[in-house]
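Below is one structure, written out as structure tokens; the observations come after it.
The values are calculated or read from the model by the stated rules, or taken from the named source; none is laboratory data. The structure displayed is predicted, hence computed values, not measured ones. With ideal geometry, Cβ positions are generated from the backbone for all residues, glycine too; neighbour counts draw on all protein chains shown. Heads up: the accessible areas ignore ligands, DNA and RNA and are worked out on the full protein's heavy atoms, side chains in. Shrake-Rupley method; radii C 1.70, N 1.55, O 1.52, S 1.80 Å.
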Amino acid sequence: MILERMAAAGEVVKLVGSWGSPFVVRVGIALHLKGVGYELLQEEFGKKSEILLKSNPVYKKMPVLIHNGKPICESMIIVEYVDEVWASAGPSILPADPYERAIARFWAAYIDDKLPSAVPILIGALEGSKEQAIEQIFTTVQLLEDAFTKCCKGKSFFGGETIGYIDIAFGSWLGGLKAVEKMVGIKFIDGEKLPLLVGWAERFCSNDAVVNIMPQVDMLIEFSKVFQKKN
Amino acid sequence: MEQAPSGLKLFGSWASSYTHRVQLALKLKGLDFEYMEEDLNNKSPSLLLYNPVYKKVPVLLHLDRPIVESVIILQYIDETWTDRPIMPADPYERAVARFWCYFADDKLGPAVGAVFGLAGEDQKAAVAQVHENLKLIETELREGAFKGRRFFGGDKIGILDIVLGCGSYWLAVFDEVMEVKLVDPEAFPLFHAWLRDFEEQEEVKEIIPAIDRLLEYARGIRQMMLSLKDTPTAAAPAATTTTTTTTNDNSNVAVESGSGV
């Protein structure tokens, strides 16, 4: 995959990762929110590229943002970086108030504590108890439903009027969650239990900064077959 | 109960590195605060109220609003009281600092904890893992992001010094209690020199508990853990009654993953 958008003069922005990874999607959304052009360096499944190994020697994982030759690793750290570097371009991703920032960082950390250890189990990419994974996902989304009221202050997103840090942290998982819902036949973002999140998810997924980046559910389901073959 | 003028109250545990991180940051910023020692075997209703998701220390209460997770608390403190910053100013430097803070709690901490919980060949493998992690940090000090610096934060202690430093004192304690060599000054000269320098700082000396207290504490837990590995004997009941103490206190040793205890 080549250029997503024309980069601003003098800026070279590359994103090492894969279209299906929620972690990579997070960075893509942040860059789109700020109108930053970048090149996606698509990783080949099952292989780690030279550039990935060189730019993330500690974890050897995607995403890595390479900005004018300098690598930044860990998706939510990258999102903060993008927010700070391109502060004047587009809305703030993190809130201005220190307490709200702490809340945003907390929920992002919580999401990363709960979803990556549960969702992949349900597509067969990770060993573990399916029942436990399902329960963990239910608990997570319920807490986020409760958190939404406090964070959104009557507006559309966790970040208020515009997409913010928690929106990106959680919303990046929506494609994967929808795919898993189809695969296991369970509704996680259920309209009855989570009325606020249902509306939020629709607004998030249809947002300009998200719509072309969120992986399509059918493509994810197709992709996940590679894990089922092993079982 | 009188509230400190800054409106700060910290719920913590005396042996918790994560708690020490917050205490150190508050001290560096010259902020007074009220301290509540938590008995982790009998968590206070306040702790459960303020940290319902994780139920762990530290919890910082500021003007009656709780902030949890030590690295998040450190950034909150830095952003609210902007004198004597602990985060770098430059966005790239900030990303680098955040990354290594994440690494400390994601990789190094659990690796050290694993050393503590194991014996024999398993422990040797865990020690090797710690060395792998220290090597990465040593490389950054020698030729990477932190080349030529006295502290990770530069001339002064910064967030990464606080995160790595509060916890690294356990390395020497474990070396003594278990006769392993975690921080070999020959293998990790820069890390070793940094740690000694860090531990000599006045503010740090005031925060870190006395070494004999830490040694006694670690020895006690290690005894329990090893006796739990033995086949049940007449001595087992004594071990079991203190099991809950062990598991909770052990999580105090801030070498577990996660930012709280």
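For segment A:113-140, a residue qualifies if it is over 14 Å from A:Gly176 (Cα atoms) and in contact (Cβ under 8 Å) with a residue 40 or more places away in the chain, and the qualifying residues are A:Lys130, A:Phe138. Only one of A:Ile221, A:Ile121, A:Ile189, A:Ile168 is open to solvent by less than 50 Å² (accessible area, probe 1.4 Å) and assigned to a loop (DSSP other than H, G, I, E, B); which? None of the other options fit; the residue is A:Ile189. With the structure loaded, tell me whether A:Lys61 is in contact with an Asp or Glu (Cβ under 9 Å, 6 or more places away or on another chain), open to solvent by 60 Å² or more (accessible area, probe 1.4 Å), free of Cβ contacts under 8 Å to residues at least 40 places away in the same chain and not aromatic (Phe, Trp, Tyr) or whether it fails that test. So A:Lys61 fits the description; yes. Filtering segment A:199-217 to residues that are free of Cβ contacts under 8 Å to residues at least 24 places away in the same chain, open to solvent by 40 Å² or more (accessible area, probe 1.4 Å) and not polar (S, T, N, Q) leaves A:Glu202, A:Val211.
Just to be sure I understand, how many residues within segment B:1-35 are under 20 Å from B:Tyr217 (Cβ atoms) and open to solvent by 10 Å² or more (accessible area, probe 1.4 Å)? Matching residues across segment B:1-35 total 3.
Looking only at residues of segment B:51-72 that are at the interface with chain A (Cβ under 7 Å from one of its Cβ atoms) and either among the small types (Gly, Ala, Ser) or outside any loop (DSSP other than H, G, I, E, B) (or both), we find that the one that is surrounded by the fewest Cβ atoms within 10 Å (Cβ to Cβ) is B:Arg65. Residue pairs whose Cβ atoms lie under 6 Å apart, sitting 6 or more positions apart in sequence or on different chains, and linking a residue in segment B:19-35 that is free of Cβ contacts under 8 Å to residues at least 60 places away in the same chain to a partner that is among the basic types (Lys, Arg), are B:Lys29/B:Arg84; B:Glu34/B:Lys9.
Filtered by the rule that a residue be charged (D, E, K, R), within 14 Å of chain A (Cβ to nearest Cβ) and within 16 Å of B:Ala97 (Cβ to Cβ), segment B:121-167 gives a lone residue, B:Glu140. The condition of being in contact with a Leu (Cβ under 7 Å, 6 or more places away or on another chain) and aromatic (Phe, Trp, Tyr) holds for only one of A:Phe227, A:Phe170, A:Phe138, that being A:Phe170. Of all residues in segment B:73-103, exactly one satisfies the criterion of being more than 8 Å from every other protein chain (Cβ to nearest Cβ), assigned to a helix (DSSP H, G or I) and farther than 30 Å from A:Asn68 by Cβ, namely B:Ile77.
Out of segment A:143-154, which residues are modelled with pLDDT of 95 or more and either surrounded by fewer than 17 Cβ atoms within 10 Å (Cβ to Cβ) or aliphatic (A, V, I, L, M) (or both)?
A:Leu143, A:Leu144, A:Asp146, A:Ala147
Beta carbons closer than 6 Å, at least 6 apart along the sequence or on distinct chains, pair a first residue in segment B:176-205 that is within 24 Å of B:Pro110 (Cβ to Cβ) with a second that is of a type in the set (S, T, N, Q) for B:Leu195/B:Ser168.
In the set A:Thr140, A:Thr162, only one residue is part of a helix (DSSP H, G or I) and modelled with pLDDT of 95 or more; that residue is A:Thr140.
Restricted to segment A:66-113, and to residues there that are buried (at least 20 other Cβ atoms within 10 Å of the Cβ), within 30 Å of A:Gln132 (Cα to Cα) and not hydrophobic (A, V, I, L, M, F, W, C), the residue that is farthest from the other protein chains (Cβ to nearest Cβ) is A:Ser75.
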